[in-house]
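Remarks on the structure that follows.
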Amino acid sequence: MRRAGTSHDPRWYKDAVIYEVPVKSFYDGNGDGIGDFIGLEQKLDYLQKLGVTCLWVLPFFPSPLRDDGYDIADYCTINPSYGTIEDFKRFLKAAHDRGLKVIGELVVNHTSDQHPWFQRARHAPPGSPERDYYVWSDTEELYQGVRIIFVDTERSNWTWDPVAKAYYYHRFFHHQPDLNFDNPAVMKEILSVLDYWLDMGVDGFRLDAVPYLVKRDGTSCENLPETHAVIKAIRAHVDLRGPGKMLLAEANQLPVDVREYFGDGDECHMAYHFPVMPRLFMGIHLEDRQPIVDAIEQTPPIPESCQWALFLRNHDELTLEMVTDEERDYMYLAYSQDPQARINAGIRRRLAPLVGNDRRQIELLHGLLFSFPGTPIVYYGDEIGMGDNVYLGDRNGVRTPMQWTSDRNGGFSRADPARLYSPLIMDHVYGYQSVNVEAEESDTASLLYWMRNMIRLRRLFTVFGRGTIEFLAPSNRRVLAYLRRCKDDLILCVANLAGSVQPAELDLGALNGYVPVEMLGYTEFPAIGELPYFLTLGPYGFYWFELQRPGA
Amino acid sequence: MASTGSSSSALEPDASLRPADLVVAVTSHNDARSIGAVARAIVEGAGRSFESGAVRLLHADTGSTDGTREALREVIPAGSLVELPHQGGFGGGMPYHGDPGRAHALRQVLRVVQETSARACVVVDAAVQGITPEWVDQLAGPVLQGRADYVAPYFSRHAWEGALTRGIVYPFFRALYGVRLRQPAAREFGCSARLAAHVLEQDIWEGERSPAGVDLSLAAAAVCADFRVHEVALGARGTARAAQADLGTTIAQVVGALFADVERHVEVWQRIRGSTVVAVSGTPAALGAATSGVDPAALVESFRLGYRELREIWARALPPRVIVELRKLADTPAAAFRFDDRLWAGIVYDFALAFAFRVMPHDHLLRSLTPLYSAWLASLLLQVGHAASADLDARVEQVCQAFEGEKRYLISRWRWPERRR
């Protein structure tokens with residue numbers, strides 16, 4: 001029997017706590033100023049102690065790094081700055097030895113323009129198989145009306161190549177030409193890339209920019225049936241390699257469209273839930289549960305084998321693409337009054353600065369993240385409340401070196417500070433001198449300790465990853481209350497979205513006789529009766545209760 | 001050759017691993033003196049209760065050097081015995097005394113259960129004294145009748161015998177897993193094919209604590225997966241194996257194994273409240289009043305010495321309030337020496353937490369429990385040391401209830417270790 005939630009369970013991703021980690025930012029093991037796999041391996045004990053169960057490693061391939069590694073120049077080796085294949089294998093084994101899964105990135109919508117496939121294509125004659133690895137046109141007219149994603153930097157989805165004497169299509173930056181999935185040779189190449197990493201033991205892949213794989217004129221070139229056929233083929237190939245390998249779709253779309261990326265359980269195992277994240281922030285700022293309830297209730301059901309991936313922050317901007325214009329305006333006003341914090345359709349800030357470094361809000365947001373239906377993803381450094389630097393350009397301000405100690409370079413590297421790939425956060429609130437792992441390790445009241453305990457608690461209850469959710473409707477809209485249910489487990493979560501003390505009257509009549517036991521302290525509360533259950537919540541306070549059956 | 005004790009042997013004359021109803025395994029480690037009597041009882045028991053060829057007899061030796069294998073071969077016809085290869089060496093990080101290959105041996109036995117499609121398995125240790133032919137049927141019967149998946153022995157013991165089980169293993173096991181299994185670390189047991197298949201998939205075979213704790217881990221795996229458990233009263237149990245370890249080492253091994261299982265089954269025991277009675281077959285032998293050679297005064301003095309020498313170590317595992325209580329206890333005259341049950345339960349739980357959160361090397365931590373256990377044992381002996389078994393059972397029940405009552409504290413601190421009372 002395989003126990004749910006263990007690393008042996010083929011559906012381990014449903015109970016996982018994922019940690020998003022960029023190799024270059026985590027720990028520099030060889031002293032050259034850039035994080036690497038040797039360093040990441042050295043910090044696995046830290047990650048194991050944190051309690052996360054899966055590492056999502058951001059792109060680590062050779063790349064010109066004009067899009068933080070999402071512009072790949074070779075899929076089957078390691079960026080020399082991060083180490084060697086042997087370093088990676090050692091890291092992977094060490095992670096597996098600790099029961100940690102490792103997922104990588106499959107960035108296959110596009111390559112870098114430095115990739116040999118593109119260099120070969122631009123020199124190949126039109127119509128040749130080599131040329132057809134990418135999408136070419138003599139004009140910019142094809143695919144008219146398709147939206148531009150990086151509106152701050154790109155004026156068109158087409159760029160003229162003087163060597164090929166044709167335009168090539170790119171949905172993202174102009175230096176990232178889109179691959180042509182209508183060419184069977186491309187699919188063959190991608191499957192062999194998959195095999196390469198699966199053979200090495202990687203436990204899954206995040207499929208980057210997945211809605212854009214196949215293009216058709218006269219459409220939005222997003223979420224096309226042909227794209228789903230490609231994903232089904234990838235999934236079938238992965239399944240042939242045996243159980244336990246996971247595909248995570250990055251589809252920044254409305255949930256109803258994202259739902260399609262699960263197929264009938266035959267496309268991706270997981271997909272990000274993009275709309276819920278901005279609405280968590282909005283709900284807290286508005287002190288109103290409705291945006292959050294709406295986001296969850298409008299989420300379509302998914303196949304039993306599938307799972308949503310939830311996050312508060314990641315390596316990109318806090319994207320506002322999936323909110324209404326009015327909501328976007330509100331979010332800009334609420335969370336980025338400094339225009340420098342805005343980029344594309346989003347806000348380039350880490351979690352702690354977004355909420356004014358308010359520990360109670362940070363805890364509440366994690367309390368919601370860990371108790372909503374799905375698998376939570378923690379962005380590196382957010383567990384210690386790291387800050388950002390919105391003046392570093394692009395989204396580099398949220399990709400600064402991990403702050404390990406108050407020593408030189410924040411303990412990240414022994415290199416000359418001038419050699420670091422990025423300056424550290426040094427301001428007086430979030431600077432590495434005060435916010436660092438070592439300091440928080442020695443403070444049992446720190447955010448790091450709190451995160452460890454919460455992650456451990458969440459992992460005790462598979463109901464969080466696998467259960468249903470049912471919202472209650474207390475008259476006080478500042479209070480968010482919901483039941484999570486899975487087999488014999490019944491959990492009541494109650495959260496105060498306001499910065500002031502709030503009362504809550506919960507209609508729990510159907511659970512008459514059950515005894516709520518507060519989960520963090522294992523404190524028994526009065527049994528539920530016929531009258532509404534009354535609770536008082538402190539500012540941004542939240543409770544998780546196990547509801548124990550009468551007489552159990 | 002000695003007689004097998006049975007004219008119509010139930011043992012399959014061909015020792016190949018062909019299908020059988022029942023697998024009976026004798027585990028041994030330098031038991032040349034006792035294995036013959038054990039084997040004769042098993043053969044006779046199998047012959048009385050099972051049809052010809054229904055039983056497969058295994059010998060799982062763990063590297064004996066005293067002629068144990070040869071002694072068994074004198075009793076069992078050569079063709080009727082499957083001898084399992086033993087695993088050499090022990091790579092654990094802790095000094096180990098005892099039977100280092102037991103986990104490997106049991107694992108092989110259970111694999112044979114699968115390979116032979118046997119319905120049940122009985123394991124008997126070759127050092128056991130007092131075995132009768134009835135044991136085979138008593139341990140296998142509830143499984144073969146479909147009433148149980150795990151059958152544990154219920155041996156009758158005086159207060160000074162098996163005190164570690166009474167004072168820590170049983171109350172702790174019962175409170176955590178909700179099953180009143182009195183001797184969950186027994187080296188004799190019966191199990192079903194279904195349970196064998198389950199435990200073979202569990203992560204209990206190769207850890208640092210496996211050699212000493214595999215029997216306990218097997219019982220824990222059974223109750224945590226809701227397998228049906230049964231006890232059978234087998235009278236008194238003696239052992240022909242001389243104690244090889246001092247008390248500190250024994251505590252480190254047994255309690256270490258108990259605590260290791262706690263981490264393994266955390267998502268199970270944190271949901272269990274209360275405990276259920278286990279059905280018992282047979283009537284436990286009532287032991288009359290008797291005098292032991294254990295001196296409570298010496299145990300109290302050992303505790304006092306421990307308080308003076310180990311208090312700083314204890315303070316890393318125990319809350320300040322408990323240290324204050326221990327100081328009072330150390331100052332108490334031996335005649336009035338009483339270890340409060342709730343205090344004892346809390347201490348054991350605090351040690352389990354310190355073990356889980358690795359506040360110090362496991363072996364140091366576990367050995368530092370020895371003087372505290374001595375104090376608890378002294379208290380027990382001063383109260384019921386010479387009493388009959390019924391009085392002793394009543395006293396142990398009180399201890400168990402204290403462990404069940406304090407379980408909330410364990411869960412609370414497990415979930416938020418920085419919180420101290």
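Worth pointing out:
- Lysines with Cα under 23 Å of A:Lys165, excluding same-chain neighbours fewer than 8 positions away: A:Lys215
- Coupling constants for region A:322-331 follow from the phi torsions by the Karplus curve (6.51 cos²θ - 1.76 cosθ + 1.60, θ = phi - 60°), and in residue order they are 9, 10, 6, 4, 5, 5, 4, 4, 4, 5 Hz; glycine and proline get x.
- Note on A:Thr523 and A:Glu470: with the Förster distance fixed at 25 Å, the Cβ-Cβ geometry gives a FRET efficiency of about 0.60.
- Each residue of chain A gets 148 Å³ once the volume of the Cα convex hull is shared out per residue.
- Carbon/sulfur fraction of accessible area - region B:22-281, other protein chains in place, 1.4 Å, %: 47
- Accessible-area composition of region A:116-169, carbon plus sulfur, in percent [1.4 Å probe]: 54
- The listed peptides A:53-61, A:478-486, B:394-402, ordered by packing as a protection proxy, come out as A:53-61, A:478-486, B:394-402 (highest mean of other Cβ atoms within 10 Å first).
- Using a 1.4 angstrom probe on protein heavy atoms only, the contact between A and B buries about 2000 square angstrom of accessible area, both sides summed.
- Residues with amide H under 5 Å from that of B:Tyr154, placed H, sequence gap 5 or more: B:Val232, B:Ala233, B:Leu234
- The GluC sites (Glu not before Pro) of region A:155-226 include none that meets both criteria, a DSSP state outside H, G, I, E and B (loop) and at most 16 other C-beta atoms within 10 angstrom of the site's C-beta.
- One Cα centroid belongs to region B:168-196, the other to region B:350-372; the line between them spans 23 Å.
- Taking a straight Cα-Cα cut-off under 19 Å and skipping sequence neighbours fewer than 8 places away in the same chain, the aspartates and glutamates within cross-link reach of A:Lys487 are A:Asp9, A:Asp15, A:Glu304, A:Glu470, A:Glu546, B:Asp226, B:Glu267.
- Rg/Rh (Cα only; Kirkwood hydrodynamic radius) as it applies to the protein assembly as shown: 1.03
- Separation of the A:Arg549 and B:Asp246 label points, Cα + 7 Å toward Cβ, nm: 5.0
- Distance between the pseudo-spin-label points of A:Tyr449 and A:Glu86 (7 Å out from Cα toward the beta carbon): 4.3 nm.
- DSSP-defined antiparallel bridges as percent of all bridges, the protein assembly as shown, nearest 5: 45
- Between region A:29-70 and region A:287-341, the C-alpha centres lie 27 angstrom from each other.
- Annotation: extensible slack from A:Gln340 through A:His237 equals 32.7 nm (criterion: 0.36 nm per residue apart, minus Cα-Cα distance).
- The H on the amide N of B:Glu83, modeled in the peptide plane, is under 5 Å from the matching H of B:His59, each at least 5 residues off or on a different chain.
- Protein-protein interface of region A:485-502, residues with accessible area decrease of at least 10 Å², isolated chain reference, 1.4 Å probe: A:Asp489
- Relative frequency of Cα-Cα separations exceeding 18 Å in region A:468-548, percent: 36
- Modelled label reach - B:Arg419, point 7 Å along Cα→Cβ, region A:444-485 residues with backbone N closer than 13 Å: A:453-454, A:457
- Karplus-based coupling profile of region A:429-443, in residue order and whole Hz: 8, 10, x, 5, 5, 10, 9, 7, 4, 4, 5, 6, 5, 8, 10, with θ = phi - 60° in 6.51 cos²θ - 1.76 cosθ + 1.60 and x standing for Gly or Pro.
- For B:Asp261, solvent-accessible area (1.4 Å; no DNA, RNA or ligand), Å²: 0
- Counting all C-alpha pairs of chain B, share separated by more than 40 Å (%): 17
- Förster radius 60 Å - calculated FRET efficiency between B:Leu200 and A:Gln144 (Cβ-Cβ, nearest 0.05): 0.40
- Protein heavy-atom surface of region A:468-548, 1.4 angstrom probe: 52% of the accessible area is carbon and sulfur, with nucleic acids and ligands not counted.
- Of all lysines in the structure, the ones whose alpha carbon falls short of 28 Å from that of A:Lys89, not counting any fewer than 8 places away in one chain, are A:Lys14, A:Lys24, A:Lys43, A:Lys49, A:Lys101, A:Lys188, A:Lys245.
- In percent, rounded to a whole number, the relative contact order of chain A is 12, using alpha-carbon pairs under 8 Å and six or more apart.
- Note on region A:1-153: the alpha carbon radius of gyration divided by the globular reference 2.2 N^0.38 Å gives 1.30.
- Taking a ≥ b ≥ c as the square roots of the eigenvalues of the alpha-carbon gyration tensor, region B:296-415 is classed oblate because a/c is 1.5 or more while a/b is no larger than b/c.
- Reducing region A:126-174 and region A:518-536 to their Cα centroids gives an inter-centroid distance of 60 Å.
- The calculated FRET efficiency for the pair A:Arg98 and B:Ala356, based on their C-beta separation and a Förster distance of 25 Å, comes to about 0.95.
- Taking 0.36 nm per residue of separation and subtracting the Cα-Cα distance, full extension of the segment from A:Asp264 to A:Leu531 would add 91.8 nm.
- Taken residue by residue and averaged, Cβ atoms of other chains lying within 10 Å of the Cβ of B:262-275 number 3.
- Reduced Cα scattering model of region A:273-402, Debye log10 I(q)/I(0), q = 0.19, 0.21 Å⁻¹: -1.11, -1.35
- DSSP-assigned coil residues among GluC sites (Glu not before Pro) in region A:304-377, each with at most 10 further Cβ atoms within 10 Å: A:Glu304
- Other residues with beta-carbon under 9 Å from the beta-carbon of A:Val398 carry, at +1 per Lys or Arg and -1 per Asp or Glu, a net charge of +3.
- For the protein assembly as shown, the solvent-accessible area of protein heavy atoms averages 36 Å² per residue (probe radius 1.4 Å; ligands and nucleic acids excluded).
The values are calculated or read from the model by the stated rules, or taken from the named source; none is laboratory data. No experiment lies behind these values; they were computed from the predicted model shown. Backbone-built Cβ (ideal geometry, glycine too); neighbour counts: all protein chains shown. To get the accessible areas, we keep the full protein, side chains included, count just its heavy atoms, and leave off ligands, DNA and RNA. Shrake-Rupley method; radii C 1.70, N 1.55, O 1.52, S 1.80 Å.
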